[in-house]
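Asks: A single structure is presented below for examination.
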Protein chains: 2
Amino acid sequence: MSPKITVELLRQLRQAMRNTKYIAEPIQAYIVPSGDAHQSEYIAPCDCRREFICGFNGSAGTAIVTEKHAAMWTDGRYFLQASQQMDNNWTLMKMGLKETLSQEDWLISVLPENSTVGVDPWIIATDQWKNMSKALAGAGHSLVAVQDNLIDAIWMDRPTRPSTKLLTLGLGFTGLTWQDKMTALRSKMAERKISWFVATALDEIAWLFNLRGSDIEYNPVFFAYAIVGMNTIRLFVDIKRLAVPTVREHLQLDTPSKAELSIQTAPYESVFTELQAVCASLVPKEKVWISDKASCALTQVIPKAHRSLIPYTPLCLAKAVKNTTEIQGMKMAHIKDAVALCELFAWLEKEIPKGTVTEISAADKAEELRSQQKDFVGLSFPSISSVGPNGAIIHYRPLPETNRTLSLNEIYLLDSGAQYIDGTTDVTRTMHFGSPSAYEKETFTYVLKGHIAVSAAIFPNGTKGHLLDSFARQALWESGLDYLHGTGHGVGCFLNVHEGPCGISYKTFADEPLEAGMIVSDEPGYYEDGLFGIRIENVVLVVPAKPKYNYRNKGSLTFEPLTLVPIQAKMVNTDILTQKERDWVNEYHRQCRETIGAELERQGRKEALDWLIRETQPIA
Amino acid sequence: MSPKITVELLRQLRQAMRNTKYIAEPIQAYIVPSGDAHQSEYIAPCDCRREFICGFNGSAGTAIVTEKHAAMWTDGRYFLQASQQMDNNWTLMKMGLKETLSQEDWLISVLPENSTVGVDPWIIATDQWKNMSKALAGAGHSLVAVQDNLIDAIWMDRPTRPSTKLLTLGLGFTGLTWQDKMTALRSKMAERKISWFVATALDEIAWLFNLRGSDIEYNPVFFAYAIVGMNTIRLFVDIKRLAVPTVREHLQLDTPSKAELSIQTAPYESVFTELQAVCASLVPKEKVWISDKASCALTQVIPKAHRSLIPYTPLCLAKAVKNTTEIQGMKMAHIKDAVALCELFAWLEKEIPKGTVTEISAADKAEELRSQQKDFVGLSFPSISSVGPNGAIIHYRPLPETNRTLSLNEIYLLDSGAQYIDGTTDVTRTMHFGSPSAYEKETFTYVLKGHIAVSAAIFPNGTKGHLLDSFARQALWESGLDYLHGTGHGVGCFLNVHEGPCGISYKTFADEPLEAGMIVSDEPGYYEDGLFGIRIENVVLVVPAKPKYNYRNKGSLTFEPLTLVPIQAKMVNTDILTQKERDWVNEYHRQCRETIGAELERQGRKEALDWLIRETQPIA
C-alpha cells in the first residue's frame, strides 16, 4: 500500500484557511473529524473528508492541519495501516499511548499565541466541541465554526449524497410497529417532561420507522432526521424517496390512523430551519432532547434554556434491548451465516494447497457463499481477510497491492459479517491450514481463554460491560501479553454492526449496564506486528443466569453465543486450558454441530457438513 | 444503638434557613456535606456537622434539609448503620442502588419552583459545587454560597478546632527532605508553566513538609494550607505551633539555606486574604494550580483565567509512589503489626471459651498489643471488631449498646490498623473459633479466591486499578453473590489510611494507573445482613513482575503483600480452591512464618509464635 501524496492538497487547504471567501479572519488550524453530520462511524463517499485530505481510510481518526503541521489521531487498531497510508507530511498520533498528546494538548503545543482553530460545526459532535473549545480557551486560543466545509471547497470531484431505495420492514422482522415505538418514545418523553426529541443518528431513525436504506455501505441506513413532539412527527428525508407506494403505505402518509401518528415529511436539508421554527414556538420550561453526540450545528439551534443533552437517547436504549422477534431473527441470521462459513472453511481446506486462494478471493468466496443464503442484503463491514503479518493490522482490508496468498505456513484471520433482513452478523475465526507453531498455539489459547472467560462470565444485573473487559485479558496478562483494542461492541439487528450504548471495553466508561436482550461481540485478540494476528469473535446475547444463590434478589446475567462456527481445535494447546474451559469448548462445538449441522443437512451442503462434524469432535 | 432525636434541631435549622441574619433571602434547602474545609474523609469533632444534624457518624454521607424533607445519602458500607442512627425525620438514600435518586434529582423532585439551595462554600468541593449548581440551574433553581455555616449557628456546644503538637520526621523515615520535595514540586510546576500551587489537602501538606500532627483522630495530620510559588513558600498554620525549636529548625524558619526555600508562615485563617493578594499580583497568562477537590470558597478566589483545576495534585501523585525508605518503613510497620495480631489471636483462642471477651475488649486488647510495638503512635482508624450479625455492618464500630461477646458459634471479623512512625497498617481477618458451617466456609473461600485473584494478578504497566476490581468478584459472581464496596484503596505511609490517586474499585474511574511503589489494600468481602460478615484484607505493594513475555516492552506489574498475618485455614473449603490458589496460600503462610516468626522469636513472644506455626501449616 503506497501513501497518498498530499503536498498539493495541504497547500490548497492552507490557502482556504486564509481565504476570506470562507471565513472572515484566517484560521491557524483546521480540524477534520471522521464522521458525517450524523456522527456515523461508517460514512458515505461524499463524507470521507478525512480520508481525502490524509489518505488514511480507517473507520476512526481525526486530522488536524495547521499552517506548519499536519497530524492524524487514530487508535491501536489502525497504527500500522495509518502509517502505511499517509505520506510524510503527516504525523501519526497514536492514541492510547502514554506519550501521545491529545488533540487539544498538541494544538496548544504547536499554535502561535491567540490562534483561531476552525471546524465544520455539522461534523463535530457537541461534546467534542465543548471539550475542544474549553481546552483551547484555557490556553488563549479559540475554536470557531466554519460554515463552508474547507475540504469540500478543495475537493473537485466530490461524490453526491446518495439517496437509495427505502425498504419497509414488517412486524415479522421488527416485533413492534413504528407506531408502537413512537408511543414508547413519547411515554419516555412524558416521564421526563420533554416536549420534543430530535433524532439525528441514522440507525436510530431507521429503527424508529422500521425502514432501511443503503446510503452508507455496510450500514442499512438512509440520510434523514426526525423531530418528534407529543402530537407531531416530522421526518426529514429526500422527498423523492417517499414516492414509492409501499413506503407511503408503511408510513401511513396518505391515511394516518390518528392525528398524533401522522407524519409530516420535509426535505432532508430543511431540518435546520424547521428546528429553528420549533424552537421559536417553545414556551418557558419546555425542553428539547438531543444527543450530546449530535452535531454542534443542530444542537446550537436549540436555545440553552430549552436544551437537554443526553448521552444516550431513549431510541438508542430501546434499540439495544432486542425483543423476541429480533432475537429470533438474529439467531436465524447467525445460523445462515455459520452455514456459509462452514462451506467457506471446507472449501479453503481443499483449495489452499493449490496456492490459488488469496486474501481477496477468500473474502469474495465468503461473500458469494453468504449471498446464497435467504434474505442476504450485503456485508456488514469490509471483510478483514488477512494472512500472516497482515493479520496484525487489526482493521486490515485486503487491497490488490497487499493481497497475500493463503498457505499452509501462515495463520489466516477472517473477521467478516453480513446483513440479512432478519439480522446482522460479525464473526472472527483464526485458522492454520498447516501446522501451527507452539508459540502460535500458545497465544491462540490465551486468546481463547479470554474469549471463554467473558462468554461464560456470570455477573449481577446492573453490571456495566467495561467491568468484564479484564476477564478477556487475564490469561494474556499473566504471560506479559495484551491487545490494544476493546473486547466487544453492541451489534444492531439488521442495523449497524457497531452500536451503543453497551460494550465491553477498558475505555468505555459511559456504557450503560448490560441487560437481558442486549447483543454484543466478544472478541479478544493477540497481535505480533510483522508476524501474525489472532482474534476469536462471537456475537453473544445477554441472557438471565441462574447461579446457586441470588444476592439481594438482584438476579444474574450471562451470555449465550449466537455465532455458531467451530473454533479450530488444531490451534489450541489443550494443556493450557482448565477442565472447565475444555468443557466449554466441547459444549459450544456440540451446539454448533446440532444447530448448524441440521441446517447444512436441510440445505444439502454435504462437504460443509462433513467439515463441521470433523471440526466439532470433542477435545480431550 | 438508638437513633438521634432530631425534631428540635431540624426546626432550628429550618428557622436559620429563613433567618436574614445569615442570608439575604430565605433558602429552600441546605446541603450539609461530610467533610471539612480540606475535604478530609476523617474529620475533627468541630467539623462533624453532618453527624450533628442527623446522627449518622459514618465516614461518608451528605445530608440535605428542605422545608419539608430531610434526607441523607451514603453508600453500601453504611446502609445498616445509618438506618439505625437516624430517626424517622430522615430518609436514608442508598447510593449505588438503581432506584435511588441522586442528590440533584431528589432536590429537583421535592423543591418548589425557583428554589434556592444553600451550602457552606468552605466544605463543598469545587467539582461537587459545579455539578450541583449546573443540575439545579437546569431545573430553574439556584445554588448559593451561605458564608455563615448554619449548622454552626445552631450548634451550641461545638468543640474548638484542635491545634496539637507537631512531629518532625527525619530522612530515615521520609527518604526525602522537604526541600527535595519542594524542588520536585517546582519542577512539575515549571514543566506545565504553573506559577503558583495551592495545597489544601492535609495529608499532602504533612507529606510535603515532613511534619505530622494529631488534629484529626487516626490521621496524623494538622490543620494547614500552603501556597507555593517558584520563589516563595507560604505555610498557613496556627502560629503557636511553630514556637517549638525542633519545628523551627526542621523548617529552617530562622536560618533558611536558600531564599527560595525560606518559609513564610502565617495564621491558618489568613489563607483566604493571602491567596487574594497572590492573585491580585498575577500577570496575564499566569496559572495557579489547585485541586478540583479543594473548597469552592478558596478556588473561587483564583480568577477563572488564572485557575488551573487538577484532579490530582503533583503532591498527591508523588506521595502515592513510595520511595525505598518509605517502603522499608511500611514493611517494618507491618511486621510489628503482625506480631501484635498473632498475639491477639493466640490470646483470643484461650479467652473466648471463657465467655469474657467482647467486641470492645478484643479491640482494646488489639490496641494494647499494638501499643507495645516500637514507634506506635495510635490507631489508623476505629477498629471494626464485630461478631456475627454485626460483621454485616461494613464499617461497624462497637458501642456499649451493640457490644456482642465473642463465642465459639459466630464468625469474628476484625478490621484494624495502626499508625507507627515508620508506616501505616490496615488489615482484616475473619475467623471462627468453633466450627464454621459449610456455607460460612463456602462464602469465605469465594472471598479468598477474589483476594488471591487480585493479589496474584499480573497486569501491564499503565493499568488502572479499577480494571482489577472484577477479578476480586469473579468467584462470588459465579455463585450469584457480590459485595457493595470497592476492593481497595491507596494507603499512606504514616499518613491517612485512605489516600488517592490509586485504588481498586468498580466506582473509581478517575484513578491514576498503578505504578511500582504504590501501596493499596486488597479487601474483597461478603456480607449477609443479620447473619455475618466476611472480609480478607491485606495491604499490598505494587512491584514489577517478570512474566514469560514482554509485549511492546511495556513491562508488567503485580502485588507483594506487606500484611503478613495468617488467613484462617479452618474457614477454607480447599475443594473450591484451584491448585494455583492452594499454592498461593501456602507460599503466603510460609512468608508469614519466616518473617513474623523471626520477629516473634526476637521479641520472645512464645505463645504467639506457637500459634503462628500452627496456623501456617500447609493446606492440602
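The values are calculated or read from the model by the stated rules, or taken from the named source; none is laboratory data. These numbers were taken from a predicted model, which means no experiment stands behind them. Neighbour counts are summed over all protein chains in view; Cβ atoms, including those assigned to glycine, are modelled from backbone coordinates with ideal geometry. We work out accessible area using only protein heavy atoms, side chains counted, and drop any ligands, DNA or RNA first. Shrake-Rupley method; radii C 1.70, N 1.55, O 1.52, S 1.80 Å.
Asks: For A:K548 paired with B:S270, estimate the spin-label separation in nm (one decimal), with each label point 7 Å from Cα along the Cα-to-Cβ line.
Replies: 6.6
Asks: List the residues, sorted by chain then number, that are 5 or more residues from A:T463 or on another chain and whose placed amide H is less than 5 Å from its amide H.
Replies: Residues meeting the criterion, in which the H sits 1.01 Å from N, are A:L514.
Asks: Let me ask something else about it. Go through the stretch A:514-527 residue by residue and turn each phi into a ³J(HN,Hα) via Karplus (6.51, -1.76, 1.60, θ = phi - 60°); whole Hz please, and just put x for glycine and proline.
Replies: Once θ is set to phi - 60°, the couplings for the stretch A:514-527 become 5, 9, 4, x, 6, 10, 9, 9, 10, 9, x, x, 8, 9 Hz.
Asks: Quick check on the stretch B:378-506: take the gyration tensor over C-alpha atoms, sort the square-rooted eigenvalues as a ≥ b ≥ c, and tell me if it's rounded (a/c under 1.5), prolate or oblate.
Replies: In terms of gyration-tensor shape, oblate.
Asks: As an exercise, use a Förster radius of 35 Å and the Cβ-Cβ distance of A:E560 and B:A516 to find the FRET efficiency, rounded to the nearest 0.05.
Replies: Calculated value: 0.30.
Asks: If one computes the Cα centroid of the stretch A:589-620 and of the stretch B:344-390, what distance in Å separates the two points?
Replies: 64
Asks: Output wanted: per-residue J couplings in Hz (rounded whole) for the stretch B:561-576, from phi through Karplus 6.51 cos²θ - 1.76 cosθ + 1.60, θ = phi - 60°, x for Gly and Pro.
Replies: Going residue by residue, I get x, 8, 5, 10, 10, x, 9, 4, 5, 4, 7, 8, 8, 5, 5, 7 Hz, with x marking Gly and Pro.
Asks: Where only protein heavy atoms count, and the probe is 1.4 Å, what is the accessible area per residue for chain B in Å²?
Replies: Dividing the accessible area of chain B by its residue count gives 38 Å².
Asks: Here is a further query. Where in the stretch B:275-340 are there trypsin sites (Lys or Arg not before Pro) that are in a DSSP coil and have at most 14 other Cβ atoms within 10 angstrom of their Cβ?
Replies: B:K285
Asks: Follow-up. Modelled label-to-label distance, B:D364 and A:K188, 7 Å Cα→beta-carbon offset: nm?
Replies: 6.0
Asks: Also, I was wondering about something else. Would you kindly derive the ³J(HN,Hα) couplings of the stretch B:597-609 from the backbone phi angles with the Karplus curve 6.51 cos²θ - 1.76 cosθ + 1.60 (θ = phi - 60°), listing them in order in whole Hz, with x for Gly and Pro?
Replies: Residue by residue, the stretch B:597-609 yields x, 4, 6, 4, 5, 4, 7, x, 9, 5, 4, 5, 5 Hz.
Asks: Okay, next question. I'd like the FRET efficiency for A:Q328 and B:N323, computed as 1/(1 + (r/R0)^6) with the beta carbon distance as r and R0 of 35 Å, rounded to 0.05.
Replies: 0.05
Asks: Quick one: dipole size for chain B, taken about the Cα centre, charges +1 on Lys/Arg Cβ and -1 on Asp/Glu Cβ, in debye to the nearest 20.
Replies: 1320
Asks: I've got another one for you. Of the cross-linked pairs A:K293/B:K134; A:K546/B:K570; A:K319/A:K548; A:K130/B:K130; B:K94/B:K464; A:K350/A:K606, which ones have a Cα-Cα span greater than 22 Å in the structure shown?
Replies: Long pairs (Cα-Cα over 22 Å): A:K546/B:K570; A:K319/A:K548; B:K94/B:K464.
Asks: List the relative contact order of the stretch A:380-471 as a percent without decimals, with contacts defined as Cα pairs under 8 Å and 6+ residues apart.
Replies: Answer for the stretch A:380-471 is 23 percent.
Asks: Okay, which of the stretch B:580-620 sit inside 14 Å, backbone N to the point 7 Å along the Cα-Cβ direction of B:K350?
Replies: Counting only backbone N, you get B:605-612.
Asks: Something else about it: Once Lys and Arg get +1 and Asp and Glu get -1 on their Cβ, which of A:F52, A:V237, B:V447 lies farthest toward the positive end of the dipole of the protein assembly as shown?
Replies: A:V237
Asks: Where the only charges are on Cβ atoms (+1 Lys, Arg; -1 Asp, Glu), what is the dipole of the stretch B:232-305 about its Cα centre, to the nearest 20 debye?
Replies: The dipole of the stretch B:232-305 has a size of about 160 debye.
Asks: Are there any residues in the stretch B:547-572 with a reduction of at least 50 Å² in accessible surface when going from the isolated chain to the assembly of protein chains? Probe 1.4 Å, please list them by number.
Replies: Hits at the 50 Å² cut-off: B:Y549, B:Y551, B:R552.
Asks: Assuming a ≥ b ≥ c are the square roots of the Cα gyration tensor eigenvalues, decide whether the stretch A:118-252 counts as rounded (a/c under 1.5), prolate (otherwise, with a/b larger than b/c) or oblate.
Replies: Here the stretch A:118-252 falls in the oblate category.
Asks: Would the stretch A:35-120 count as rounded, prolate or oblate if I go by the C-alpha gyration tensor, calling it rounded below 1.5 in a/c and otherwise prolate when a/b exceeds b/c, oblate otherwise?
Replies: It comes out oblate by the Cα gyration axes.
Asks: Also: Using a Cα-Cα cut-off of under 19 Å, which lysines could be cross-linked to B:K68, ignoring same-chain neighbours fewer than 8 residues away?
Replies: B:K4
Asks: Normalising by the residue count of chain A, find the relative contact order in percent from Cα pairs under 8 Å and 6+ residues apart.
Replies: Worked out over chain A, it gives 11 percent.
Asks: Tell me the total accessible area that B and A bury against each other, 1.4 angstrom probe, in square angstrom rounded to 100.
Replies: In total, this chain pair buries about 3800 Å².
Asks: In addition: Long-range amide H contacts for B:I302: which residues qualify at under 5 Å (H placed 1.01 Å from N, peptide plane, sequence gap of 5 or more or a different chain)?
Replies: none
Asks: Then there's this: Charges on Cβ only, +1 for Lys and Arg, -1 for Asp and Glu, centred on the Cα centroid of chain B; of B:T126, B:W584, B:T424, which one is farthest towards the dipole's positive end?
Replies: Checked the options; the winner is B:T126.
Asks: In addition: Where does the protein assembly as shown land at 222 nm, in deg cm²/dmol rounded to the nearest 500, when only DSSP H runs of n ≥ 4 count, each adding -39500 (n - 2.57), divided by all residues?
Replies: Result for the protein assembly as shown: -10000 deg cm²/dmol, rounded to the nearest 500.
Asks: For B:S34, what residues show an amide H to amide H distance below 5 Å, using hydrogens built from the backbone and excluding near sequence neighbours?
Replies: Result for B:S34 returns B:G61.
Asks: Between B:K580 and B:Q15, how many nm apart are label points set 7 Å from Cα along the C-beta direction?
Replies: Result for the modelled spin labels: 6.6 nm.
Asks: How far is the Cα center of the stretch A:1-63 from the Cα center of the stretch B:478-517, in Å?
Replies: For the stretch A:1-63 versus the stretch B:478-517, the Cα centre distance is 43 Å.
Asks: Which parts of the stretch B:32-46 would a label at B:D157 reach, counting a residue when its backbone N lies under 16 Å from a point 7 Å out along Cα-to-Cβ?
Replies: Only B:45-46 pass the distance filter.
Asks: Under 14 Å from the Cβ of B:E442, count the other residues' Cβ atoms, weight Lys and Arg +1, Asp and Glu -1, and hand me the total.
Replies: So the environment of B:E442 carries a net charge of 0.
Asks: For the protein assembly as shown, with all protein chains present and a 1.4 Å probe, just round the carbon and sulfur fraction of the accessible area to a whole percent.
Replies: Solvent-exposed carbon and sulfur of the protein assembly as shown make up 53 percent of the total.
Asks: Suppose the chain between A:L408 and A:D375 were pulled fully straight at 0.36 nm per residue; how much longer would it get relative to their current alpha carbon spacing?
Replies: 8.4 nm
Asks: Work out the charge dipole of the stretch B:455-591 with +1 on the Cβ of Lys and Arg and -1 on the Cβ of Asp and Glu about the Cα centre, then indicate which of B:G533, B:F471, B:L557 is farthest towards its positive end.
Replies: B:L557
Asks: Also, quick follow-up: Treat every Asp and Glu Cβ in the protein assembly as shown as -1 and every Lys and Arg Cβ as +1, leave all other atoms uncharged, and give the resulting dipole magnitude about the Cα centre to the nearest 20 debye.
Replies: The dipole magnitude comes to about 1140 debye.
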